[in-house]
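Worksheet: the structure to be examined is printed underneath.
The values are calculated or read from the model by the stated rules, or taken from the named source; none is laboratory data. Because the structure is predicted, anything quoted here is derived from the model rather than measured. As a convention, Cβ positions derive from the backbone with ideal geometry for all residues, glycine included, and neighbour counts pool all protein chains shown.
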Amino acid sequence: MRKKTIVRERPLEYLRRRSDGMPFPPEVVRHWYIARAYVLDLLKDVIIGPDSQEHLQVVVDGDSPQMLAVTRHLCLLTHFVNYEEFDFRGRLSCRNRTEITLVSRMDAASILRELEKEEYLGQLPANVRLTVYGQVRNPDSCLDVAISIVHERPETEPAAIRITEADVHSFVQATPEEDIFTIDTRRAVLAARVYDLGGLIDNIPAEDIHSARRYLFALDTYRYKVAEEKIGPLVTPSWEKNPRAVVNGVSSLSCADCFPSRARAIRQYAQQHGIPEQEAWEKNNGALSCSEHHRWMVERLILGFRPLTDAERLTSEALFGSSRKAYWNSLKNHYPAPSHVDICSFRDLRRIDPDNLKYDSFLLLAIPIILEKA
């Protein structure tokens with residue numbers, strides 16, 4: 001058997017501010033690495049399966065830069081397969097969304113300015129359901145994460161997770177630096193290859209897009225050819241001059257960070273229903289794809305993207321074929337304030353951009369292969 005080489009990298013240093021193209025301060029990047037490692041460790045035993053009626057509740061006790069970085073990574077990594085966007089009557093329900101409570105001593109304007117900084121939540125506060133000292137903003141947000149800001153630590157349910165600055169500090173003290181400040185990027189590289197191969201799949205009708213049998217040939221191609229190729233680094237020379245390559249690479253990393261929690265959920269589902277794990281992945285592909293779409297939206301908003309404005313949507317609706325695709329690409333590449341047509345509800349995505357549904361479906365079916373290879 002070929003020996004598996006672990007590639008450890010520091011990709012987060014390559015992120016640049018959209019406002020001026022400058023690198024983030026080293027202390028900000030350090031906070032990101034710590035927050036990512038801490039949240040992944042925090043979630044390592046959390047299992048919320050497709051049939052679960054539970055949802056994650058987290059209280060972040062403090063508004064220091066490190067705790068705001070933890071809030072950022074909670075938003076990036078807490079996405080679960082039991083999230084219900086719309087109920088069976090077609091009403092927005094947002095059942096089982098993750099609830100993150102941030103305890104802050106700042107006034108409303110100050111904490112919002114902090115959260116909206118590029119190093120923290122970017123465009124997310126303007127689009128997520130956000131409760132600021134009792135005042136609800138964006139009540140109709142479909143995102144699977146909700147944030148509340150409070151002055152005092154709330155009385156929470158016994159199942160709620162509470163995070164303090166001391167908890168994060170203790171984690172750093174007990175964890176080897178290599179495990180925090182360098183990242184095994186193999187899964188991210190393999191996830192990026194799924195997207196590359198998915199771009200070649202052009203024969204799947206939207207009404208049957210979550211059917212696993214539609215992807216059998218592509219999955220075999222991925223397993224026996226694409227995933228067998230040597231796993232190189234995530235960071236490539238193009239990252240030095242191409243901000244879009246950096247964003248896409250970091251996106252693959254955030255996506256891959258959620259693979260273990262998804263695998264735990266599906267494994268539990270298979271055991272509870274007495275079926276093979278592969279069947280469990282296939283059976284829940286639609287729900288998994290919905291969850292992945294919401295994870296992707298939260299990540300894009302944090303990275304500075306925004307939904308289309310009404311004027312941009314009107315222009316988009318008046319275009320067809322390649323002209324519409326070219327217009328969407330121009331919006332995505334408009335720095336420093338890019339917009340993305342796919343930042344919309346999962347239900348609307350089927351109407352607006354049905355071709356892109358295949359990426360999530362294919363990716364979720366490929367997760368067992370990626371976890372096997374890396």
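Here are a few things to note about the model shown:
- Qualifying residue in the range 125-134 (condition: surrounded by 17 or more Cβ atoms within 10 Å (Cβ to Cβ), within 30 Å of residue 22 (Cβ to Cβ) and not hydrophobic (A, V, I, L, M, F, W, C)): yes
- Summed over the range 52-85, the residues that are part of a strand (DSSP E or B) and either at pLDDT below 95 or under 30 Å from residue 106 (Cα atoms) (or both) give a count of 5.
- Some residue of the range 14-26 being buried (at least 18 other Cβ atoms within 10 Å of the Cβ), free of Cβ contacts under 8 Å to residues at least 60 places away in the same chain and within 27 Å of residue 105 (Cα to Cα): no
- When residues in the range 120-145 are screened for being within 16 Å of the chain's Cα centre (by Cα) and in contact (Cβ under 8 Å) with a residue 40 or more places away in the chain, 11 of them pass.
- The residue list 261, 316 contains one member that is in a helix (DSSP H, G or I), more than 22 Å from residue 94 (Cα to Cα), touching a residue at least 24 places away in the same chain (Cβ under 8 Å) and not β-branched (Val, Ile, Thr), which is 316.
- Among the residues listed as 282, 299, 292, 372, the single one being without any contact (Cβ under 8 Å) to a residue 12 or more places away in the chain and outside any loop (DSSP other than H, G, I, E, B): 372
- Residue 256 being within 18 Å of the chain's Cα centre (by Cα) and without any contact (Cβ under 8 Å) to a residue 40 or more places away in the chain: no
- In the range 86-110, residue surrounded by the most Cβ atoms within 10 Å (Cβ to Cβ) [restricted to those that are in a loop (DSSP other than H, G, I, E, B) and not basic (Lys, Arg)]: 104
- The set of residues in the range 83-115 that are in contact (Cβ under 8 Å) with a residue 40 or more places away in the chain and of a type in the set (Phe, Trp, Tyr) comprises 83, 86.
The rows are residues; the columns are (1) touching a Cys at 6+ places or on another chain (Cβ under 8 Å); (2) surrounded by 14 or more Cβ atoms within 10 Å (Cβ to Cβ); (3) among the polar types (S, T, N, Q); (4) in contact (Cβ under 8 Å) with a residue 24 or more places away in the chain.
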{"residue": "309", "(1), (2), (3), (4)": "no, no, yes, yes"}
{"residue": "312", "(1), (2), (3), (4)": "no, yes, no, yes"}
{"residue": "336", "(1), (2), (3), (4)": "no, no, no, yes"}
{"residue": "345", "(1), (2), (3), (4)": "yes, yes, yes, yes"}
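- Tabulated pairs, the range 217-240, first touching a residue at least 12 places away in the same chain (Cβ under 8 Å) and on the phi > 0 side of the Ramachandran plot, second among the small types (Gly, Ala, Ser) and not in a loop (DSSP other than H, G, I, E, B), C-beta under 9 angstrom, 6+ apart or interchain: none
- So residue 331, is it surrounded by fewer than 17 Cβ atoms within 10 Å (Cβ to Cβ) and among the aliphatic types (A, V, I, L, M): no
- Within the range 287-329, considering residues that are among the small types (Gly, Ala, Ser) and within 17 Å of the chain's Cα centre (by Cα), the one farthest from residue 195 (Cα to Cα): 304
- Selected residue (criterion: modelled with the lowest pLDDT) from residues of the range 124-174 that are among the hydroxyl-bearing types (Ser, Thr, Tyr) and part of a loop (DSSP other than H, G, I, E, B): 156
- Beta carbons closer than 6 Å, at least 6 apart along the sequence or on distinct chains, never pair a first residue in the range 58-82 that is free of Cβ contacts under 8 Å to residues at least 40 places away in the same chain and within 12 Å of residue 101 (Cβ to Cβ) with a second that is among the aliphatic types (A, V, I, L, M) and surrounded by fewer than 20 Cβ atoms within 10 Å (Cβ to Cβ).
- Residues within the range 191-205 that are under 16 Å from residue 251 (Cβ atoms) and modelled with pLDDT under 90, tallied: 4
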